[in-house]
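Please treat every number below as a calculation from the coordinates, not as lab data. Since the structure is predicted, the reported quantities are computational estimates derived from the model, not experimental observations. Don't worry about glycine lacking a Cβ; one is built from the backbone with ideal geometry, like all the others, and counts go over all protein chains shown.
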Amino acid sequence: MLPKQNRLKARQDFTTVYQKGIRLNRFALGLRAYRHVVQPQALQPLRVGISISTKVSKRAVVRNRIKRQLRSILRQLLPRLENGWDVVIVVYPNALQCDYPEFLQQLKQLLAQTEILHGD
């Protein structure tokens, strides 16, 4: 699991990211990101939510496996991610064809493109 401070949970937070955030897509993943506008010394920690619908798979076991893989990747990348962002990772049906290294590559590309991920 991600630390509690790094989880995006409230419906209103997801809605804000969808309405005001930037949007990028890859083969199996999409990324929506919204940067908080506050003073630099009062930055909130990065918060991440994962959105995966039943269109990806009708089976909860499959959807939960994908979410666990993505959370594992995020936990690994967390020290290199910039604070002050709310991020929603959207999983597309093509994700069924991907494995862990492909998710890692796509997520790194999306986070680097939005300048949330630093260094490599």
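Applying both filters, DSSP loop and at most 14 other Cβ atoms within 10 Å, to the trypsin sites (Lys or Arg not before Pro) of the range 45-120 gives 55, 58, 59. Helix-only arithmetic for the chain: the sum of -39500 (n - 2.57) across DSSP H runs with n ≥ 4, divided by the residue total, places the mean residue ellipticity at 222 nm at -11500 deg cm²/dmol. Distances between placed amide hydrogens fall under 5 Å for residue 92 paired with 29, 30, all partners being 5 or more residues away or on another chain. Rounded to the nearest Hz, the phi-derived 3J(HN,Hα) couplings of the range 51-68 under the Karplus curve 6.51 cos²θ - 1.76 cosθ + 1.60 (θ = phi - 60°) are 10, 9, 8, 6, 5, 5, 7, 6, 8, 4, 4, 5, 4, 5, 4, 5, 4, 5, where x marks glycine and proline. The ranking of 103, 14 by Cβ neighbour count inside 10 Å, starting from the fewest, reads 14, 103.
The count of lysine pairs in the chain with alpha-carbon distances below 18 Å, taking only pairs 8 or more places apart or on different chains, stands at 6. Each Cα pair under 8 Å and six or more residues apart adds its sequence gap; the mean of these over the residue count of the range 4-113 is a relative contact order of 39 percent.
In sequence order, the range 98-111 has phi-based couplings of 9, 10, 3, x, 5, 4, 4, 5, 5, 5, 4, 4, 5, 5 Hz under the Karplus curve 6.51 cos²θ - 1.76 cosθ + 1.60, θ = phi - 60°, and Gly or Pro positions carry x. Is the shape of the range 55-120 rounded, prolate or oblate, going by the alpha carbon gyration tensor and its root eigenvalues a ≥ b ≥ c, with a/c under 1.5 for rounded and a/b larger than b/c for prolate? Because a/c hits 1.5 or more and a/b exceeds b/c, the range 55-120 counts as prolate.
Ranked for footprinting exposure by Cβ neighbours inside 10 Å, fewest first, 53, 72 give 53, 72. So what's the angle, to the nearest 10 degrees on a 0 to 90 scale, between helix 11-20 and the longest Cα principal axis of the chain? Between the helix axis and the principal axis of the chain, the angle is about 80 degrees. Of 81, 8, 43, the sequence from fewest to most neighbouring Cβ atoms within 10 angstrom is 43, 81, 8.
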